[in-house]
Amino acid sequence: MEQSGTSTRLQAAVQDLASGVVSALRGGDHAHVVPPAGTDGEAGDLALAAVRVLGADALLPGLLSRTPPDPAELAVFRKAVEAYPPRADAAPTVRWSHWAMARTLRRADPSSAEPPDEPDTAWLDDATWQFVTHQLAVLAPLALPGEDCAVSRLAAGRPVDVARGFVRAVRRRDWRQAAGAGRWLTLLPGVPDSVGLEAGLDFVELMGGQDPLVALQVQAARRMRTGARV
Amino acid sequence: MRTDEKVIKEVTGIQAADIEAALDPVEADGVYRDSRQCAALALLSGATKLLLSPPTPRPKKG
Amino acid sequence: MTAPADAHRTAGTLRTAAGDALAWADSRRADFALGEDALAADGEVDRSWKPLGELAQVCATVTRLTGPADPLHARARGLLDFAWQETREGELFLRLQRLEPFATYPLEVYAALASAGLRHPAFEQAAAVVARTRGWRLTEQDPTRRLGVLRAEERCGIHRFGQAPPELPQTWLGGLPEPWTFGRDAGYALTHVVFHLSDWGRDASALPPDLVAYLGDWLPPWLDTCLEAGLWDLGGELLAVAAIVARTTGEDIPGSDWGRLLEARGPSGEVPLDDRDLDDIAAGPGSDGDRYFLHHYHSTLMAAFAAVLAGARPAERPGAGRRPGGQGAPA
C-alpha cells in the first residue's frame with residue numbers, strides 16, 4: 001500500500017526520534033531526545049506527532065537510568081499526551097499506547113494527572129499466538145520491569161506463545177515485530193530456554209538494527225536484561 | 001498556485017488518522033528465501049539423497 | 001478450534017485426504033515402477049529406487065496404523081505388494097548389492113519393505129557381510145542420514161554391539177538449536193531425525209522427552225512459516241512430526257495448518273512440492289506427466305503419511321480398534 005506524503009514524513013520523524021532514544025540508551029546524552037518545545041508550525045506539529053507515535057519510549061532512557069527528566073522535554077511529552085487523545089473508536093493499541101504515555105508522564109512527574117482507567121484486553125482474549133505477538137510488539141513500550149497492567153499480565157500468561165511469535169517474526173524477517181517480542185521475552189517468566197534469547201536479540205540487531213525502531217527495542221531489552229528497573 | 005497550496009496542506013496536515021495508523025500497523029508481509037541450495041562443493045550427490053527427502057524436479061533426459 | 005464437533009470434522013477430512021492421496025499414488029504406479037534402468041550404471045537412482053522406497057516407507061506405516069478392514073489399509077497393502085513385485089520380491093536388492101556393495105541406499109530402501117514384513121533372507125545375509133567391514137561403518141554421511149542407515153541396519157538384523165548411536169547429538173535437532181535458526185534444510189533434517197527415532201511414527205514413545213518438549217514448543221512457528229512460504233512438502237513433513245509428537249502428548253491436530261496444506265492440493269488430491277514453477281507444471285497433469293509426477297509424488301505421500309498419523313493418535317497398540325464411532329464419513 002502506498003503511503004501518503006504525510007505518513008511518510010511522520011515515519012521519518014519517528015525514526016529520528018527513535019535514533020535519539022537509541023543513542024541515549026547506549027549511554028550517550030539523553031537530554032535532547034525529545035525536541036524542545038516552542039517549535040511552531042508544521043515542524044512543531046510533526047515533532048509532536050512523532051512523540052505521540054513513539055509513545056512512552058520517548059522518555060525511556062531517563063526512566064531506566066533514573067535521571068530526572070528535562071523540564072522542556074517533559075513539556076513536549078505532556079503536550080503530545082494532551083494533543084492526541086484516542087478517539088472513541090480508536091483501536092486498542094492506540095488506546096493502550098496513550099494510556100502508557102499518561103502512566104509514564106505520571107511516573108516522570110508525580111504532579112501530573114492520574115492516568116485514565118486502563119483499557120481492557122478483551123480483543124486479545126481468544127487471539128492466536130501470531131496475533132497476540134504482533135499486538136504485543138506494537139505495544140512494546142509497555143514491556144517494562146515491574147510494570148503491572150492488564151497487557152503485561154496477559155503477556156505473562158502467554159510466554160510460550162510470545163516466544164513462538166518471536167520465532168515466526170524472525171523467520172518472516174519482520175525485524176520490528178521480532179525486536180518488540182524479544183523485549184517482552186526478556187521480562188516474561190516461563191520462556192523456554194531453548195529460544196536462545198540473547199543470541200536472538202543480537203541476530204535481530206544484526207539483521208534489522210539499521211532501523212532505529214528495531215535498535216530501540218533491542219537496546220531496551222538489553223538494558224532490562226541487565227537489571228534496570230523503572 | 002493551487003499545486004503549492006496542496007503541498008502545504010499535505011505538509012501541515014497531520015491527521016489523527018495518520019497517527020492512529022502508525023499506532024495500529026498491519027503486519028508486514030513475510031519475506032522468505034528458503035529455496036536456494038548449494039550442494040557441497042565437489043561432492044557428488046546423485047545417489048546419496050536422503051530417503052524421503054524432496055525430489056529434484058527436472059525433466060527426464062531424452 | 002478444539003470443540004469435539006470440529007475435531008471430528010477434522011478427523012473425517014484428514015481420512016478423506018489420506019484416501020485421496022493414496023489413490024493418486026495408486027493411479028501413478030507406472031511412475032513408481034523401477035523401469036529398465038534400475039540396475040544400469042547410469043541409472044538415476046533418485047528417479048527410480050528413491051520414489052519406490054518412499055512409497056513403501058509410507059505404506060508400511062499406513063498398514064501398521066490402520067485396521068485390516070480399513071480401505072486405507074487395503075490400498076497401502078496393495079501398493080506394498082506392488083513395490084515388492086517391482087523389486088522381484090527382493091531379488092533386485094541382491095543384484096544391486098553385487099553392483100554397488102558399499103552403497104547404503106539398497107539397504108535403506110529394503111528396510112522400508114522389511115518393516116512391512118517383506119523380507120529376502122539372502123539379501124540380509126549379504127548385507128551383514130558388507131556391514132561388518134570398517135569401511136562400511138565409517139561411511140561418511142550427514143548425521144541425520146547416518147541415523148537412518150543405522151536404523152535400516154537394525155531392521156535387517158545388523159547390530160553394532162556396544163555402540164550407542166552417537167549421531168543424534170550431531171544432528172540439528174539433537175542439539176536443540178535456537179528455533180529461529182530454522183530453515184528449509186534444517187527442517188528436512190529435523191523431520192527425518194524424528195522419523196528415524198520414532199520408526200516412522202510407529203513408535204512415538206521412542207522420542208526422548210526433551211525432544212518432545214522442544215518440538216511441542218517450536219513446531220507451531222515452523223509450520224506456520226513454511227505454509228505461508230508455500231513449502232507444501234516440508235509443511236507436510238512437519239505435520240507428520242506434529243502428529244508423531246501428539247501421539248505422546250495428546251495435543252490437538254493443528255487444524256488451521258492442515259487447512260492451508262489441503263487448500264494447496266491439485267484436482268485429484270495430490271499435493272505440490274512447493275509453489276515454484278507451479279503455473280508451469282500445473283498446465284495439466286497430462287501435459288508433462290513425468291514432471292508433474294516428480295513435483296507431486298513426494299509431497300502427496302507425505303500428506304498421506306501425516307494424515308494417517310494424525311488420525312491414528314493418540315498412540316495405541318498396533319491394530320487395536322480405533323476411534324469408536326469416529327470413522328469420518330467421506331466429505
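Read-outs: derived from the displayed coordinates by stated rules, not from any lab. Since the model is a prediction, treat every value here as computed from it, not as a measurement. So basically every Cβ, Gly included, is an ideal-geometry build from the backbone, and we count neighbours across all protein chains shown.
Per 10 Å bin, what percent of the C-alpha pairs of chain A does each bin hold, from zero upward?
8, 34, 39, 18, 2, 0
Normalise the Debye intensity by I(0) for the range A:115-190, one equal point scatterer per Cα, no solvent, then take log10 at q = 0.19 Å⁻¹ and round to two decimals.
Once normalised to I(0) and log-transformed, intensities are -0.70.
Which FRET efficiency value, to the nearest 0.05, do you get for A:Ser19 and C:Leu39 by plugging their Cβ-Cβ distance into 1/(1 + (r/R0)^6) with R0 = 51 Å?
The pair A:Ser19/C:Leu39 has a calculated efficiency of 0.15.
Once the Cα atoms of helix A:71-83 and of chain A are each reduced to a long axis, what angle between those two axes, in degrees from 0 to 90 to the nearest 10, is obtained?
Between helix and principal axis, roughly 80 degrees.
Counting only Cα atoms, I'd like the Rg/Rh figure for chain C, Kirkwood definition for Rh.
When Rh is taken as the Kirkwood radius, the ratio is 0.95.
Scan the range C:97-141 for GluC sites (Glu not before Pro) in coil per DSSP, keeping those whose Cβ has at most 16 other Cβ atoms within 10 Å, and list them by number.
Here the sparse-neighbourhood loop sites are C:Glu140.
Under the Karplus relation 6.51 cos²θ - 1.76 cosθ + 1.60, θ = phi - 60°, what is the ordered set of whole-Hz ³J(HN,Hα) values for the range A:217-223, x standing for Gly and Pro?
Per residue, the Karplus-derived 3J(HN,Hα) values read 5, 5, 5, 4, 4, 5, 4 Hz.
Name the helices (complete DSSP H segments) of chain C with a Cα length along the long axis of 27 Å or more and a Kyte-Doolittle mean of at least 0.0, or state none.
C:209-228, C:289-312
Relative to the first principal axis of the alpha-carbon coordinates of chain A, what is the inclination of helix A:175-187, with its axis defined by its Cα atoms, in degrees from 0 to 90 and to the nearest 10?
80 degrees
Could you list the trypsin sites (Lys or Arg not before Pro) in the range A:161-214 that lie in coil according to DSSP, counting only those with at most 13 other Cβ atoms within 10 Å of their Cβ?
In loop regions of the range A:161-214 (DSSP not H, G, I, E or B), there are no sparsely surrounded trypsin sites (Lys or Arg not before Pro).
For chain A, take the longest principal axis of its alpha carbons; what is the angle in degrees between that and the long axis of helix A:159-171, to the nearest 10 within 0 to 90?
Roughly 80 degrees between the two axes.
Take the alpha-carbon centre of the range C:1-63, take the same for the range A:188-230, and report the distance between them in whole Å.
The range C:1-63 and the range A:188-230 have Cα centres spaced 44 Å from each other.
For the range C:67-170, taking Cα atoms only, what is the radius of gyration to one decimal and the Dmax to the nearest whole Å?
So, for the range C:67-170, Rg and Dmax equal 15.0, 46 Å respectively.
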